[in-house]
Every structure is written in structure tokens, then in C-alpha cells.
1. Among LEU95, GLN107, ALA82, whose Cα projects farthest towards the positive end of the dipole of the stretch 71-116, with charges put on the beta-carbon of Lys, Arg (+1) and Asp, Glu (-1)?
2. Could you identify which residue out of VAL101, VAL57, VAL78 has the top mean-square fluctuation in a GNM of the chain using Cα springs shorter than 10 Å?
3. Placing +1 at every Lys and Arg Cβ and -1 at every Asp and Glu Cβ, with all other atoms neutral, what dipole size does the chain have around its Cα centre, in debye to the nearest 20?
4. At 222 nm, what helix-only mean residue ellipticity would the chain give, in deg cm²/dmol to the nearest 500, using -39500 (n - 2.57) for each DSSP H run of four or more?
5. Under a 5 Å amide H to amide H cut-off, with H placed in plane at 1.01 Å, what residues pair with TYR63 once short-range neighbours are removed?
Amino acid sequence: MLNRDIEANSKSEFAGGLILGLLIGEGHFGGDGRQAHVTLRMHTRHEALFGWLCGAVPGSRLYGPYRHGGREYFQWMVRGSALKRFLGRIDTSLLAQIDPVTHTKLQKMKQNYNLD
């Protein structure tokens, strides 16, 4: 394996781990009754992280900044065909092992919106 292949794989693994961590800590799995979505809502000081996330998850969108109730935040969302591609990249077996609660929420959203 070439050095650049190892580097690319390491970056991919890091990105996947970071995204799983964000989903565990801040993720919301739901929908609007017609289509499923995954959202993250965090303070505006995380703008650079959201910019990276939009690049890492093609088709995702960033909304805001919002100011409400003394809070300033962005909301990142992925839905539609971008969500289906995104879900295919998540290691759900690892998620089930390290955080069964988040795994259950993800599975419930997938079931409610026929995403299996």
C-alpha cells in the first residue's frame, strides 16, 4: 500500500469517527412526516466544524446562524438522497456497540421512513 493510500484511509477513518461522535453527542434523528433527516444543532462558535461537515457529507446543508432564546446556533441537516448515501457510510455495528441509545434512535428513524 502506498503512503498516500494509508494517509487517505487514516483521514477517512478519522472523519467517520468524528461524525459518529457528533451524532452520539448532538445528533437528532427524525423527520417531517414525509422524509427523514439527521440534524446537528450547535453554537455558532463551531462554524468551522460545520463547514468541514458540509464538505465531508455531500448534499448536506447548513442553516443559520439563528438567534433564539439567548442562544446563537447553526443547524446542519442531511435528508433525501444525501441522507441515504450518508447512512450507507455509517458503521452501525460499531454504533450499536459504543452507544446503543443512539443506535436505537437511528434504527427507529430508518424504520419510520422505510430507509432499510
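1. ALA82
2. Among VAL101, VAL57, VAL78, the largest mean-square fluctuation in the Gaussian network model of the chain belongs to VAL101.
3. That gives the chain a dipole magnitude of about 420 debye.
4. Numbers: 5 runs with 64 residues, N = 116.
Rounded to the nearest 500, the figure is -17500 deg cm²/dmol.
5. For TYR63, the qualifying residues are GLN75, TRP76, MET77.
Read the figures in this text as sums done on the coordinates, not as results from a lab. Quick caveat, the model's predicted, so the values are computed rather than measured. Neighbour counts are summed over all protein chains in view; Cβ atoms, including those assigned to glycine, are modelled from backbone coordinates with ideal geometry.
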